[in-house]
Amino acid sequence: MLCLAPCVIPLSWYPQLHRHGSRGPEWEDKFIQKLVETLDNSSQGIGRAHLPQNLRFLKDGYKSDLVPHELTIVGRRQLFDYGADFALQYPTLSTDVVLSSPVQRVVDSSRYFGHGFFGGDVDTVEFMTVDELDVPVNWITPWKSCSKYSEAKGHAAASAWASKYVPPITQRLSRHLGVELSDDDIRGALFACPYDLAAHNESPWCAAFHNHELRSLEYEYDLLMDRISGHMSNNDPGPVLGSVYVNKLIERFTNATGDAKELYLEFGHDTSILLVLSAMALNKDATPLPVDHIRVHRKFHTSEQTPFAARMVWEKFSCKKSFHGPQIRLLLNSATYPLTTCQKSFKDKEFGSCSLKEFISVNQFNVNIHYGDETWNATCVD
């Protein structure tokens, strides 16, 4: 921790929200399969072409063995390793319940993490999904209780940006290969880069692109997710849906129910984490991200905030040499993520934390939202 012993006195309640590990493609798979088909139909021409070094792998063809949606071997190892690392970092903490989204790759991720964290005691732990909870809306997949929630505008924004940055790549690679590739083929090649990495830790496609082209792909995902779970989506549901987790977080930190646990291990999706950041305005850009050029300096950055196996860990601690009263700190992917919206003092900014009192105060918008109330219904009910 930034505030080092002996001044640190950890208190109870360490909620952790984890994204599933590396997986196969979802909607991207149709582009990858289109690419495979095009290359297979053009194999003779590619075989005769004089290719630059970074494209010579195509002389042997390209086949994809990616399994859509499923956790990969890399993903399984990520979660097991993170479980073991977490046990080393917090050796005195434990719990008897692990909660996850019901999606199979998330359930699998929770169990691989459990084997790393609990070791031989994993069989004594109850693994549950949010479907087993008796609540009208859960804090891991709250969008399931929001009928207006849609990903359509996110995909539209991503496609609009792709229509600008992909065509020059299409022309360049078509010229090198002597094959008339389509923009959809190139999108498939771009997607193959990260998903081959997610499955095998390597991909020949990554070297086929210039750095600025890969940065354009990264920005495509930012546009997608900012409109799905950030502040640019229809009716701006990000903060409203994220309020469910924030309310649960405050309930745990204050022990409002009288039965708070010292550790919560919960597993969800990238959207699960991004909604929380949105609710607290921690990754909100002053103006919407444009779809016609890359905004280099931006707060919303999915590759940094929610990569595969992303980890959101909340700590409540005291540091008598620096603060009066308990402090709240967010560790996002093992690094302190500054709680800028509730920082009041120089020490707050120095350590990236804020007082529990201020944390609750600045989150009154979230505290005042409840499932089925006017704000919720305006955002979520058709």
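The values are calculated or read from the model by the stated rules, or taken from the named source; none is laboratory data. Because the structure is predicted, anything quoted here is derived from the model rather than measured. When we count neighbours, we look across all protein chains shown, and the Cβ atoms used for this are built from the backbone with ideal geometry, even at glycine. Note: accessible area is taken over every heavy atom of the protein model, side chains too, but ligands, DNA and RNA are not part of it. Shrake-Rupley method; radii C 1.70, N 1.55, O 1.52, S 1.80 Å.
In the chain, what percent of the accessible surface is made up of carbon and sulfur (1.4 Å probe, ligands and nucleic acids excluded)?
Percent of accessible area from carbon and sulfur atoms in the chain: 51.
Around Arg215, with a cut-off of 14 angstrom between Cβ atoms, what is the net charge of the other residues, counting Lys and Arg +1 and Asp and Glu -1?
Once positives and negatives cancel, what remains is -2.
Output ³J(HN,Hα) for the range 46-55: one whole-Hz value per residue in order, computed from phi by the Karplus curve 6.51 cos²θ - 1.76 cosθ + 1.60 with θ = phi - 60°, and x for Gly and Pro.
Per-residue couplings from phi come out as 5, x, 8, 6, 8, 9, x, 3, 6, 10 Hz.
So for the pair Asn211, Phe127, with labels modelled 7 Å out along Cα→Cβ, what separation do we get in nm?
4.1 nm
Considering amide H positions built from the backbone, and no H for Pro or chain starts, which residues 5 or more places from Tyr14, or on another chain, come under 5 Å of its amide H?
Leu263, Tyr264
First measure r as the distance between the Cβ atoms of Arg172 and Lys144, then evaluate 1/(1 + (r/R0)^6) with R0 = 51 Å and state the FRET efficiency to the nearest 0.05.
Step by step, r from the Cβ atoms, then E = 0.75.
Give the accessible surface of the chain per residue, rounded to a whole number of Å², with probe radius 1.4 Å and ligands, DNA and RNA excluded.
45 Å²
Quick check: residue separation of Thr340 and Ser159 times 0.36 nm, minus the Cα distance between them. What number comes out in nm?
That works out to 61.9 nm of additional length.
Identify, among Tyr264, Pro168, Asn247, the residue whose Cα sits farthest towards the positive end of the charge dipole of the chain, taking +1 on the Cβ of Lys and Arg and -1 on the Cβ of Asp and Glu, with the dipole about the Cα centre.
Pro168
Taking Rh as the Kirkwood radius computed over C-alpha pairs, what is the Stokes-Einstein D of the range 151-286 at 20 °C in a medium of viscosity 1.002 mPa s, expressed in µm² per second?
In µm²/s, the coefficient is 123.
Using θ = phi - 60° and the Karplus form 6.51 cos²θ - 1.76 cosθ + 1.60, what ³J(HN,Hα) does each residue of the range 114-119 get, whole Hz, x for Gly and Pro?
Rounded to whole hertz, the list is x, 5, x, 7, 8, x.
For the chain, what's the relative contact order in percent, using C-alpha pairs closer than 8 Å and at least 6 residues apart?
After rounding, I find 26 percent.
Determine, from the Cβ-Cβ distance of Lys30 and Asp259 and an R0 of 41 Å, the FRET efficiency 1/(1 + (r/R0)^6), rounded to the nearest 0.05.
FRET efficiency, Lys30 to Asp259: 0.30.
Using θ = phi - 60° and the Karplus curve 6.51 cos²θ - 1.76 cosθ + 1.60, what whole-Hz ³J(HN,Hα) does each residue of the range 284-301 get, with Gly and Pro shown as x?
8, 7, 4, 10, x, 5, x, 9, 10, 7, 7, 8, 5, 8, 9, 8, 7, 9
Need one word for the range 97-191: rounded, prolate or oblate. Basis is the Cα gyration tensor (sqrt eigenvalues a ≥ b ≥ c); a/c below 1.5 gives rounded, then a/b vs b/c decides.
oblate
Using a ≥ b ≥ c from the Cα gyration tensor of the range 226-382 (square roots of the eigenvalues), is it rounded, prolate or oblate, where a/c under 1.5 gives rounded and otherwise the larger of a/b and b/c decides, a/b for prolate?
It is oblate, given that a/c is not under 1.5 and a/b is not larger than b/c.
If you split all Cα-Cα distances of the chain into 10 Å bins from zero, what percentages do you get per bin, shortest first?
5, 22, 29, 24, 13, 6, 1, 0
Once you've got the GNM for the chain with C-alpha springs shorter than 10 Å, pick whichever of Val362, Val135, Val240 has the biggest mean-square fluctuation.
Val135
Quick one: putting +1 on the C-beta of Lys and Arg, -1 on the C-beta of Asp and Glu, what dipole do you get for the chain around its Cα centre, in Debye to the nearest 20?
1200 debye
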